[in-house]
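Notes follow the structure.
The values are calculated or read from the model by the stated rules, or taken from the named source; none is laboratory data. Just so it is clear, the model here is predicted, and its values are computed rather than measured. Neighbour counts are summed over all protein chains in view; Cβ atoms, including those assigned to glycine, are modelled from backbone coordinates with ideal geometry.
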């Protein structure tokens, strides 16, 4: 196919790509439709941009399909233990 004859990307595709580039600065995904959140989640994984903050962002949507994907891929949140900073009792 000729380079000039390619179909241009859709507005939806461009929007998802833009969201992916700025995923770390997004604070809420819940208003988005399920299929867009799922697509964005998969693209985030593919791009290697899934970190603790971004994972919490997707979990906070409460969307069953995303939560099922997270579970199926065995992705887990890191639970850091709370360590005491000092002890008042002598040992």
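Points to keep in mind about this one:
To keep it simple, each residue is scored yes or no on (1) more than 23 Å from residue 10 (Cα to Cα); (2) in a helix (DSSP H, G or I); (3) touching a residue at least 60 places away in the same chain (Cβ under 8 Å).
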residue	(1), (2), (3)
29	no, no, no
32	no, no, no
45	no, yes, no
55	yes, yes, no
62	yes, no, no
70	yes, yes, no
74	yes, no, no
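- Within the range 1-51, the set of residues being surrounded by 10 or more Cβ atoms within 10 Å (Cβ to Cβ) and at pLDDT below 90 comprises 9, 30.
- In the range 56-76, the qualifying residues are those that are more than 20 Å from residue 31 (Cα to Cα) and loosely packed, with under 10 Cβ neighbours inside 10 Å, and the one that is nearest to the chain's Cα centre (by Cα) is 76.
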